[in-house]
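The structure appears below as structure tokens.
The values are calculated or read from the model by the stated rules, or taken from the named source; none is laboratory data. Computed from a predicted model, the values in this text were never measured in an experiment. Cβ sites come from the backbone with ideal geometry, for glycine too, and all protein chains shown count toward neighbours. Note: areas computed on protein heavy atoms with side chains; ligands, DNA, RNA excluded. Shrake-Rupley method; radii C 1.70, N 1.55, O 1.52, S 1.80 Å.
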Amino acid sequence: SIVGQSLVVFEERLSEDDKQDALDSQAFAEAVVRRLPASSSQEQRYAAYNEALTALGWVTESYTRKTYDSKTLTLTMNEALLQVLQTVISAGSGNVLSLVASGFEKLKGDQAALKIVDSGSKSNQVVSFKAVPCIVAPGGGMAMVMGGLDVYSKDYNGNFLFFTFNTQGVHLFQAAGIRKFNKRAFDRKRQQVYGYIDAFGDGLFKKLAG
């Protein structure tokens, strides 16, 4: 599923209720980011995204944002995001990468979704996108893994997820994290979350419909 500027995928073992709670959480966090001033930095956007998820009961177990060090001269966004995810998952969690890779393959054939993603991911000279696999956590419950990439380039010309670009002279930043879902905390704010998402969607519709 595409939610804002994120690809959200799910492990099969998660319940339908957990999947929906994760989608609602992601929609809320993306709406919070969309309401920031256009001049906001990427650091401010990630901070708002993280704070929104924390407020809903997603407990951060790890989070980093740093320069992305590419080992190759050419790269695609989807390949880079898989590499970023590898920095936060354990060696035995290869299924997480498979989930995301499969999600990208499905997205590649969905031109309508790609057009929406492409138009919304470009801000000034920054292209930003996240891959968010949700899995069954060790010991039970749900966990959210996040890998994000920001590409600062003047040569962006669309189709960024699968377009091969030269990494020389391009500034790349990565963000990665793991969060554990506190369902009880989310349940306490559930109706407020629905209200916020609905209000954001209504406002966006009115803006688009004129």
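For region 167-184, filtering for residues that are closer than 15 Å to F28 by Cβ and open to solvent by less than 20 Å² (accessible area, probe 1.4 Å) leaves 1. Would you check if E61 is open to solvent by 20 Å² or more (accessible area, probe 1.4 Å) and modelled with pLDDT of 90 or more? Taking the combined requirement at face value, the residue satisfies it.
Name every residue in region 37-52 that is open to solvent by 30 Å² or more (accessible area, probe 1.4 Å) and either within 15 Å of F173 (Cβ to Cβ) or at pLDDT 95 or above (or both), in order of residue number. S41, E43, Q44, R45, A47, E51, listed by residue number.
Within region 10-30, not a single residue is surrounded by 13 or more Cβ atoms within 10 Å (Cβ to Cβ), modelled with pLDDT of 90 or more, closer than 30 Å to Q168 by Cα and within 16 Å of the chain's Cα centre (by Cα). Pairing each residue of region 1-27 that is closer than 12 Å to I135 by Cβ and in contact (Cβ under 8 Å) with a residue 12 or more places away in the chain with any residue that is open to solvent by 20 Å² or more (accessible area, probe 1.4 Å) and in a strand (DSSP E or B), provided the two are 6+ apart or on different chains, yields C-beta distances under 6 Å for E11/I135; E11/V136; R13/V136; K19/F10.
All of K130, K115, K106 fail the test of being modelled with pLDDT of 75 or more and either out of contact with any strand residue (DSSP E or B) (no Cβ under 6 Å at 6 or more places or on another chain) or open to solvent by 40 Å² or more (accessible area, probe 1.4 Å) (or both), apart from K106.
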